[in-house]
1. Ranked from highest to lowest mean number of other Cβ atoms within 10 Å per residue, what is the order of the peptides 2-9, 30-37, 152-159?
2. Ranked highest first by the average count of other Cβ atoms within 10 Å around their residues, in what order do 125-131, 62-68, 83-89 fall?
3. Using a/c under 1.5 as the rounded threshold, could you call region 66-161 rounded, prolate or oblate? The axes a ≥ b ≥ c are square roots of the C-alpha gyration tensor eigenvalues, and prolate needs a/b larger than b/c, oblate otherwise.
4. What is the calculated FRET efficiency for residue 201 to residue 119, with r their C-beta to C-beta distance and R₀ = 35 Å, to the nearest 0.05?
Amino acid sequence: MRIAAIYDIHGNLSALEAVLSEIDNIGADRIVVGGDVIPGPMPSETLSALFAVKRPIEFIHGNGEIAILQQVDGEEVTSVPPQVRPIIEWTAQQLSRNQLDQLRSWPKTFRLESESLGRILFCHATPRNENEIFTKLTSVDRLEPIFSAIDADIVVCGHTHMQFDRTVGPVRIVNAGSVGMPFGESGAHWLLLERDIQFRQTSYNFQQGKRHSYAAADSTSTISACTVPGSSSTCIGAMPSRANSAWSCSTSGLPVVSSFSP
């Protein structure tokens, strides 16, 4: 079975279209969308493209979808800083009732079994929380309480927009990176799970994406989904460095939440 894991699209329609085309060419059997499809410059169009996919596709929610639904429901969106709330408000206004209903149905995690890879758990950030941040440099001591009791051989995550492959105890943890806002080399980053796990980077036209995205969004949605990002080492350095810190901004302008330090 070939499984494509695509995470953190953030409304970057051009990047998504390029990845979906490559998935079609590869002939993947299933797609798992790992949350944070939105917010981003083309939220409605990006969701519509995913809902139109003909092959089996599964969705889990990320912190982005949770914030959007809180906004729609009139709840206080406390998980984002004041400077990001206009983006959440604008994104919520672009979605149809049907799209919002679809978001509400997405679970926090998804599981499947692979003959070659074993038991796989897909989550957005960690299995217990869609906001927690960890990187390839986070100490094992901090991660063991989260992953030691996980009933899975592999955990596929995202959220930090940086691909990595590491182990915590018996659990292999693989970060899919980001389709729409990767921190590292340019292109759309995702995973292909087959006999083993492949890091994939799909090229697409940044300028075409910029014309699509910013023509369709107003000034409150101008997060840099189509800006070539900084290096992953720079972005790791920009992550919050103390426990229970509030939001901080990465070099690409994407706000990130931390409940413990990297």
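1. Values: 2-9: 26.8, 30-37: 25.2, 152-159: 23.2.
The most tightly packed comes first, giving 2-9, 30-37, 152-159.
2. Ranking the peptides 125-131, 62-68, 83-89 by packing returns 62-68, 125-131, 83-89.
3. Verdict is oblate for region 66-161.
4. Plugging the Cβ-Cβ distance into 1/(1 + (r/R0)^6) gives 0.85.
Values in this text are rule-based calculations from the coordinates and carry no lab data. What you see is a predicted model, and the numbers here were worked out from it, not measured in a lab. Cβ atoms come from the backbone with ideal geometry, glycine included; neighbour counts cover every protein chain shown.
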